[in-house]
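See structure below.
The values are calculated or read from the model by the stated rules, or taken from the named source; none is laboratory data. Computed from a predicted structure; not experimentally measured. When we count neighbours, we look across all protein chains shown, and the Cβ atoms used for this are built from the backbone with ideal geometry, even at glycine.
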Amino acid sequence: MSAPPKDRDWAAYYTKTSGRPPRETLMFALDRFDAEPADAARFAVDLGAGAGRDVIEMLRRGWRVLAIDAEPDAIDALDARPDLPPAANLVGMVARFEDADWPECDLVNSSFALPLCDPTGFTAVWRRIESSLRPGGRFAGQLYGERDSWVGRDGMTFHTRADVEALLAGFDIEHFVEEEDDSTTPRGEAKHWHVFHVVARRHADDA
Ligand SMILES: C[S@@+](CC[C@H](N)C(=O)[O-])C[C@H]1O[C@@H](n2cnc3c(N)ncnc32)[C@H](O)[C@@H]1O
C-alpha cells in the first residue's frame, strides 16, 4: 500500500490532475447557488485546492476564490494555469488548514483534502468551516470512512457514517453519497476507497 499522501511529493499529482474536470460535489453546490438569487459575486474558500481543477470552475462562474493549500507547488501551479479567466478574482494562500484563518464565505469547498488533517486538529478545522459559512452557505467535499485502506495512516482523519451525520447536524444535507470502490489513485496505486461525498447547506437561521 501507499505511503500517506500528505508525506508525498505532490508535484506529480498536480501535473496529472490539473486538467481534469471539476469535482461532482462542487458542480452540485454551484448549480444550487446558481438557482438562488445573488446581489454580488459570491465568495468561496477552497481548502486543499491542489492545482485548481475546482478553483478554475468557480472563477469561470464569476466567483471570488481564496485557494488554500499547504504546498507552495499547488499555489504556484494554480497561478501559472493558462486557463485562468481574465481578471480572475483569485487569492492563493500557502497554509495548512489547521493553521489558516479565512473570512466569512458562501462556500467552503474541500475536495479529497480534509481527511489529510490530523485527528487532533480536525474538530477545530470543522468548527472553523461551520462558523465561516454564512447562513445558507454550503460545504462541498469528501470525508473518508472507516473502511478506507488508508485507515491508520499518521496525520489522517477517518469517520463513520454516524460521525459524518453528526458533523452535519447544523446543515441541511443536499447530496450524500457513500462510495466503496477498489480502484487506483491518480498516482497509480491500488486502493480501497471508502468515501463520503457531501454537499450540505448551513441552516439559514443559524446567524
Ligand atoms: C488529494 S489533493 C486534492 C487536490 C484538489 N482539491 C483536487 O480535488 O484535486 C489534496 C491537497 O490537499 C493539500 N493538503 C494536504 N494536507 C493539507 C493540510 N493539512 N492543509 C492544507 N492543505 C493540505 C495537498 O497539498 C493537496 O494539494
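Give the residue, chosen from 66, 30, 59, that is within 22 Å of residue 125 (Cβ to Cβ), not in a loop (DSSP other than H, G, I, E, B) and not basic (Lys, Arg).
Details: 30 fails: within 22 Å of residue 125 (Cβ to Cβ); 59 fails: within 22 Å of residue 125 (Cβ to Cβ).
Step by step, each of 66, 30, 59 is checked, and only 66 is within 22 Å of residue 125 (Cβ to Cβ), not in a loop (DSSP other than H, G, I, E, B) and not basic (Lys, Arg).
Filter the stretch 84-98 down to the residues that are away from the ligand (no atom under 15 Å from the Cβ) and not hydrophobic (A, V, I, L, M, F, W, C), then identify the one that is farthest from residue 119 (Cα to Cα).
Restricting to residues being away from the ligand (no atom under 15 Å from the Cβ) and not hydrophobic (A, V, I, L, M, F, W, C), the top hit is 86.
Report yes if some residue within the stretch 125-133 is within 26 Å of residue 30 (Cα to Cα), in contact with a Lys or Arg (Cβ under 8 Å, 6 or more places away or on another chain) and surrounded by fewer than 14 Cβ atoms within 10 Å (Cβ to Cβ); otherwise report no. Spell out the reasoning first.
To start, the set of residues in the stretch 125-133 that are within 26 Å of residue 30 (Cα to Cα) comprises 125-133.
Adding the requirement that they be in contact with a Lys or Arg (Cβ under 8 Å, 6 or more places away or on another chain) leaves 130, 133.
When the remaining residues are screened for being surrounded by fewer than 14 Cβ atoms within 10 Å (Cβ to Cβ), the result is none.
No, the stretch 125-133 contains no residue that is within 26 Å of residue 30 (Cα to Cα), in contact with a Lys or Arg (Cβ under 8 Å, 6 or more places away or on another chain) and surrounded by fewer than 14 Cβ atoms within 10 Å (Cβ to Cβ).
Pick from the stretch 99-132 the residues that are hydroxyl-bearing (Ser, Thr, Tyr) and within 15 Å of residue 53 (Cβ to Cβ): which of them is nearest to the ligand (Cβ to nearest atom)?
First, pick out the residues of the stretch 99-132 that are hydroxyl-bearing (Ser, Thr, Tyr): 110-111, 120, 123, 131-132.
With within 15 Å of residue 53 (Cβ to Cβ) added as a condition, the list becomes 110-111.
On the way: 110: 7, 111: 3 Å.
Filtering the stretch 99-132 for residues that are hydroxyl-bearing (Ser, Thr, Tyr) and within 15 Å of residue 53 (Cβ to Cβ), the one nearest to the ligand (Cβ to nearest atom) comes out as 111.
Just wondering, is there one or more residues in the stretch 153-175 that are out of contact with any Phe, Trp or Tyr (no Cβ under 7 Å at 6 or more places or on another chain), closer than 16 Å to residue 199 by Cα and of a type in the set (Val, Ile, Thr)?
Within the stretch 153-175 (the criterion being out of contact with any Phe, Trp or Tyr (no Cβ under 7 Å at 6 or more places or on another chain), closer than 16 Å to residue 199 by Cα and of a type in the set (Val, Ile, Thr)), the answer is yes, since at least one residue qualifies.
In this structure, is residue 155 in a loop (DSSP other than H, G, I, E, B), on the phi > 0 side of the Ramachandran plot and either of a type in the set (Gly, Ala, Ser) or more than 9 Å from the ligand (Cβ to nearest atom) (or both)? Explain how you work it out, then say what you get.
Numbers: in a loop (DSSP other than H, G, I, E, B): yes; on the phi > 0 side of the Ramachandran plot: yes; either of a type in the set (Gly, Ala, Ser) or more than 9 Å from the ligand (Cβ to nearest atom) (or both): yes.
Yes: the conditions hold for residue 155.
Only one residue in 132, 149 is among the polar types (S, T, N, Q) and either under 16 Å from the mean Cα position of the chain (by Cα) or under 15 Å from residue 101 (Cα atoms) (or both). Which one? Full working, then the answer.
Numbers: 149 fails: either under 16 Å from the mean Cα position of the chain (by Cα) or under 15 Å from residue 101 (Cα atoms) (or both).
Going through 132, 149 in turn, just one is among the polar types (S, T, N, Q) and either under 16 Å from the mean Cα position of the chain (by Cα) or under 15 Å from residue 101 (Cα atoms) (or both): 132.
Taking the stretch 49-81, which residues are surrounded by fewer than 24 Cβ atoms within 10 Å (Cβ to Cβ), near the ligand (Cβ under 9 Å from one of its atoms) and of a type outside the set (A, V, I, L, M, F, W, C)?
The answer is 53, 71, 73.
Does the stretch 11-37 hold any residues that are free of Cβ contacts under 8 Å to residues at least 60 places away in the same chain, near the ligand (Cβ under 10 Å from one of its atoms) and surrounded by 15 or more Cβ atoms within 10 Å (Cβ to Cβ), and which are they?
Result: 22, single match.
Need the failing condition index for residue 134 against (1) at pLDDT below 95; (2) in contact with an Asp or Glu (Cβ under 7 Å, 6 or more places away or on another chain); (3) of a type in the set (D, E, K, R), just the number.
So the condition that residue 134 fails would be (1).
Could you list, ordered by first residue, the pairs with Cβ atoms under 9 Å in which the first is in the stretch 101-122 and of a type in the set (Asp, Glu) and the second is part of a strand (DSSP E or B) and within 13 Å of the ligand (Cβ to nearest atom), at least 6 apart or interchain?
Taking only residues 6 or more apart or on different chains, the pairs are 106/44.
Just the residues that are touching a helix residue (DSSP H, G or I) at 6+ places or on another chain (Cβ under 9 Å) and not hydroxyl-bearing (Ser, Thr, Tyr), please, taken from the stretch 8-42.
Result: 9, 10, 11, 19, 20, 21, 22, 23, 26, 27, 30, 42.
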